[in-house]
1. Select the helices (runs of 4 or more DSSP H) contained entirely in the stretch A:13-104, then report the ones holding at least 1 residues which are among the basic types (Lys, Arg) and surrounded by fewer than 21 Cβ atoms within 10 Å (Cβ to Cβ).
2. Scan the stretch A:7-18 and report the pairs whose first residue is away from every other protein chain (no Cβ under 13 Å) and whose second residue is among the hydrophobic types (A, V, I, L, M, F, W, C) and surrounded by 19 or more Cβ atoms within 10 Å (Cβ to Cβ), with Cβ atoms within less than 9 Å and a gap of 6+ or a chain change.
3. Scan (1) modelled with pLDDT under 95; (2) not in a loop (DSSP other than H, G, I, E, B) for the single condition B:Leu6 breaks and write down its number.
4. Please specify each residue of the stretch A:38-62 satisfying the condition of being touching a residue at least 60 places away in the same chain (Cβ under 8 Å) and over 11 Å from the mean Cα position of the chain (by Cα).
5. So which residues in the stretch A:31-55 are within 14 Å of chain B (Cβ to nearest Cβ) and either farther than 16 Å from A:Ala105 by Cβ or touching a strand residue (DSSP E or B) at 6+ places or on another chain (Cβ under 8 Å) (or both), if there are any at all?
6. Checking B:Asp109 against (1) touching a residue at least 40 places away in the same chain (Cβ under 8 Å); (2) within 14 Å of chain A (Cβ to nearest Cβ); (3) not in a loop (DSSP other than H, G, I, E, B), only one condition comes out false. Which one?
2 protein chains.
Amino acid sequence: MSRTPLHPTREQIELPMVLDCLSDPIRLAIVYQLAQQERVSSELRCGDFSGLGAKSNLAYHFAKLRECGLTQTRIVGTSRMTRLRREDLDARFPGLLDAVINSAARDADRLQLVPECDVAGVD
Amino acid sequence: MSRTPLHPTREQIELPMVLDCLSDPIRLAIVYQLAQQERVSSELRCGDFSGLGAKSNLAYHFAKLRECGLTQTRIVGTSRMTRLRREDLDARFPGLLDAVINSAARDADRLQLVPECDVAGVD
């Protein structure tokens, strides 16, 4: 059984909120990792991002990402599975997500992005 | 005679700071107007943006735009002439500025962007 917390609809996604959300280096790193893993697994669980900070801190950032419309989260048992809302974002703001991710990739060292995360635990 | 306040170098421009700066609706509107007028006049003065708010408030936003590397400002007499640092931004983050401006254009009504500003006073 899975539950789904509240998400904005596609039309409710606002550009200033998306940019503000992405301006935090940890949230930028989460979005970058989700994008890096998209072809392997569209969803990751919070635990896959443990390299980015403490669990409680990450929970806050995941909530911010969900509330601004950047990610979709569903709760499966005790896990929260998160994926990028690429289709919605590309529809609302064509090219923006890719431009941000590519810009982040160029500054990966400077932003201390984790280039790969452990997805072995995703089932 | 013109003076130039402090600006970050191209290499000092940081993605999180640029995104944070653009997440403010008034600064987004300023950047949008600068982009709209680029072909007519690469520089605008603060007075050209009076429709966006009080002078003291705009001065704050122009300083934030300059400090994060989005704009270049030079002081000519009592005027501050501002332009987008398009070349630097496109070099650091290819496609990002255009993606943000195009996204803003799509939501122009929602964001209450001023589609045109008075550049008659620019000399």
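The values are calculated or read from the model by the stated rules, or taken from the named source; none is laboratory data. Not measured: the values here are computed from a predicted model. Note: ideal-geometry Cβ built from the backbone for every residue, glycine included; neighbour counts use all protein chains shown.
1. Filter on the stretch A:13-104 gives A:55-67, A:86-92.
2. If the second residue must be among the hydrophobic types (A, V, I, L, M, F, W, C) and surrounded by 19 or more Cβ atoms within 10 Å (Cβ to Cβ), the pairs left are A:Pro8/A:Cys68.
3. Result: B:Leu6 passes all but (2).
4. Matches in the stretch A:38-62: A:Val40, A:Ser41, A:Gly47, A:Asp48, A:Gly51, A:Leu52.
5. A:Val31 - this is the single residue of the stretch A:31-55 that is within 14 Å of chain B (Cβ to nearest Cβ) and either farther than 16 Å from A:Ala105 by Cβ or touching a strand residue (DSSP E or B) at 6+ places or on another chain (Cβ under 8 Å) (or both).
6. (1)
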